Amino acid sequence: MEKLTGPKKIKTAIFISGRGSNLNNLIKFAKTKKSPIIIDLVIANKQAKGLKYADQYKILKKIINFKKSKIAEQKILSILEKKKINFICLAGFMKILSNNFIKKFKGKIINIHPSYLPKYKGLNTSVRALNNNEKFSGCTVHYVNARLDSGKIIMQKKVKIEKNESEASLDKKIIKEEHKLYPASILKIFN
Ligand code: GRF
């Protein structure tokens, strides 16, 4: 007899370039009953450390070299199509996706960024916030559009900067919040 399952979950790919703590966190979230997504694919642009989580949880992983980014994107699009992926979460993915790619997945690509956007787009967010004596930083989950870290904000969370805060201590506080904010944002989108 066919197993009774709930409504179909959204087939999702996670794109990474590094450590993969958000990937690990999203995989765990996706295994919960309340998760609207199922993670069927991990894409990396290099031998990223975080790929170990794809191995651990037996999720298909693909490493795509971005030396020729147009070709790389074409390869990714064909894998996404083959695997019937219809939602993408960028999680520390360090390549900028082209307008053409984004258009094909309009409204279906989201990203997590370690600042309280629109402040501190781009890299080295914590150092810049500290150098400017900000009172808080934070993290933001947003839709991806053609401009860097500028798409519509889904959810964001402030993190207080203490006196004598170091880059490492701030990063640690932010990543902890990221791990709550990313699943919460996905729930917000689909519920
Ligand atoms: C996170 O801080 C995320 O906001 C940024 O890159 C970092 C990725 O960390 N986009 P991890 O690889 O998920 O541990």
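Annotations for the structure displayed:
- Normalising the average separation of contacting C-alpha pairs (under 8 angstrom, six or more residues apart) by the number of residues puts the relative contact order of the stretch 1-70 at 32 percent.
- Computed from the C-beta positions of Lys62 and Phe190, the FRET efficiency with R₀ = 22 Å rounds to 0.35.
- Rounded to the nearest 20 debye, the dipole magnitude of the stretch 55-189 is 620 debye, with +1 charges on Lys and Arg beta carbons, -1 on Asp and Glu beta carbons, and the Cα centre as origin.
- Potential lengthening of the chain between Lys152 and Lys11 amounts to 48.6 nm, from the contour at 0.36 nm per residue minus the alpha-carbon distance.
- Relative contact order (percent, whole number), the chain, Cα cutoff 8 Å, 6+ residue spacing: 19 percent
- Part-to-part distance (alpha-carbon centres) for the stretch 123-179 and the stretch 20-82, which is given in Å: 24 Å
- Springs join every pair of Cα atoms under 10 Å in this Gaussian network model of the chain, and among Glu73, Glu162, Glu177 the largest mean-square fluctuation is at Glu162.
- Förster-model FRET efficiency, 35 Å R0, Lys163 and Ile96, C-beta, rounded to 0.05: 0.45
- Amide H contacts under 5 Å for Leu90, placed H, 5+ residues apart: Phe15, Ile110, Asn111, Ile112
- Kirkwood Rh in Å, taken over the chain so that all alpha-carbon pairs contribute: 17.2 Å
- Beta bridges per DSSP with both ends in the chain, % antiparallel, nearest 5: 40 percent
Just so you know, all these numbers are worked out from the coordinates, no wet-lab data involved. What you see is a predicted model; the values in this text were computed from it and never measured. In this analysis, Cβ positions are derived from the backbone assuming ideal geometry, glycine residues included, and neighbour counts consider all displayed protein chains.
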